[in-house]
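Here's the structure we're looking at; comments come further down.
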């Protein structure tokens, strides 16, 4: 598991110890109701798109997109073949608001990541997959997609290994047994089976990372994941 229940406070305050080997913190960035005064209907050069959980799926940050009429539709196969295609959000928010929330306060300062990782909060044990985790470009993110914030000492390639762990069938099987409602809350995620960083050998990393990139690195807006993967740019 990520952490024992008695050590929840250590995680929330960013203290990295043996009970939290990934140095993870959880956060929600923007509440879709309480923060609605920040939402803009049209983008400008100083605003970022507001990602919602329904816009992503496992290893796919371009799962669904908003239309001009305000509805969401699945991204088509032809659109996914276009590496320059990006999903359209319903709203945009000033970039400075995003950076401020990620950085935290003076007591809990965090570096700005190149990309974000989060999961769908709304779920069900009877769904095809109960836990859906995805990497997305640096964006605004709604509260229905809680974020996983890493300690800066965790190497990028190990973050990708954890990303893979979250989306495994074994992980999902255990999640089904523990998910009694329609939400994957923080306290549930902390109970799911997660390998610690030292469980991965270099051979494991060399096997996992290129395969995760092949699934995830499908468009130009997710280039930061590729550049920080720890894999040489010339490697196929």
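The values are calculated or read from the model by the stated rules, or taken from the named source; none is laboratory data. For clarity, every value in this text was computed on a predicted model and none was experimentally measured. When we count neighbours, we look across all protein chains shown, and the Cβ atoms used for this are built from the backbone with ideal geometry, even at glycine.
Looking only at residues that are in contact with a helix residue (DSSP H, G or I) (Cβ under 7 Å, 6 or more places away or on another chain) and either without any contact (Cβ under 8 Å) to a residue 40 or more places away in the chain or closer than 15 Å to residue 57 by Cβ (or both) in the range 131-159, which one is surrounded by the most Cβ atoms within 10 Å (Cβ to Cβ)?
Checking each candidate, the answer is 145.
Among the residues of the range 160-186, write down those that are under 20 Å from the mean Cα position of the chain (by Cα), loosely packed, with under 12 Cβ neighbours inside 10 Å and not in a helix (DSSP H, G or I).
Selection gives 182 alone.
Let's see how each residue does on (1) at pLDDT 95 or above; (2) surrounded by 14 or more Cβ atoms within 10 Å (Cβ to Cβ); (3) more than 23 Å from residue 187 (Cα to Cα); (4) in contact with a helix residue (DSSP H, G or I) (Cβ under 8 Å, 6 or more places away or on another chain):
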{"residue": "28", "(1), (2), (3), (4)": "no, yes, no, no"}
{"residue": "45", "(1), (2), (3), (4)": "no, no, yes, no"}
{"residue": "50", "(1), (2), (3), (4)": "yes, yes, yes, no"}
{"residue": "61", "(1), (2), (3), (4)": "yes, yes, yes, yes"}
{"residue": "75", "(1), (2), (3), (4)": "yes, yes, yes, no"}
{"residue": "78", "(1), (2), (3), (4)": "yes, no, yes, no"}
{"residue": "105", "(1), (2), (3), (4)": "no, no, yes, no"}
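In the range 187-225, what count of residues is obtained for those that are outside any loop (DSSP other than H, G, I, E, B), within 26 Å of residue 20 (Cβ to Cβ) and touching a residue at least 24 places away in the same chain (Cβ under 8 Å)?
12
Does at least one position in the range 65-72 carry a residue that is in contact (Cβ under 8 Å) with a residue 12 or more places away in the chain and in a loop (DSSP other than H, G, I, E, B)?
Within the range 65-72, the first condition is being in contact (Cβ under 8 Å) with a residue 12 or more places away in the chain, and the residues that meet it are 65-67, 70, 72.
This time we only want the ones that are in a loop (DSSP other than H, G, I, E, B), so: 67, 70.
Yes, the range 65-72 contains at least one residue that is in contact (Cβ under 8 Å) with a residue 12 or more places away in the chain and in a loop (DSSP other than H, G, I, E, B).
Those residues that are assigned to a helix (DSSP H, G or I) and over 11 Å from the mean Cα position of the chain (by Cα), I need them from the range 145-159; list them, please.
We begin by selecting, within the range 145-159, every residue assigned to a helix (DSSP H, G or I); these are 156-159.
Result: 156, 157, 158.
For residue 112, work out the one condition from (1) surrounded by fewer than 17 Cβ atoms within 10 Å (Cβ to Cβ); (2) assigned to a strand (DSSP E or B); (3) under 16 Å from the mean Cα position of the chain (by Cα) it doesn't fulfil.
Tallying (1) surrounded by fewer than 17 Cβ atoms within 10 Å (Cβ to Cβ); (2) assigned to a strand (DSSP E or B); (3) under 16 Å from the mean Cα position of the chain (by Cα), residue 112 fails exactly one: (2).
Only one of (1) crowded, with 16+ Cβ neighbours inside 10 Å; (2) touching a residue at least 60 places away in the same chain (Cβ under 8 Å); (3) part of a loop (DSSP other than H, G, I, E, B) is not met by residue 83, so which one is it?
Here residue 83 meets the rest and fails (1).
Is it true that some residue in the range 123-130 is outside any loop (DSSP other than H, G, I, E, B), surrounded by 12 or more Cβ atoms within 10 Å (Cβ to Cβ), touching a strand residue (DSSP E or B) at 6+ places or on another chain (Cβ under 8 Å) and modelled with pLDDT of 90 or more?
To start, the set of residues in the range 123-130 that are outside any loop (DSSP other than H, G, I, E, B) comprises none.
No: zero hits.
Which of the residues that make up the range 172-201 are closer than 29 Å to residue 226 by Cα, in contact with a strand residue (DSSP E or B) (Cβ under 9 Å, 6 or more places away or on another chain) and modelled with pLDDT of 90 or more?
Within the range 172-201, just 184 meets the criteria.
Determine which member of the set 220, 209 is surrounded by 19 or more Cβ atoms within 10 Å (Cβ to Cβ) and at pLDDT 95 or above.
On the way: 220 fails: surrounded by 19 or more Cβ atoms within 10 Å (Cβ to Cβ).
Checking each option against the conditions leaves just 209.
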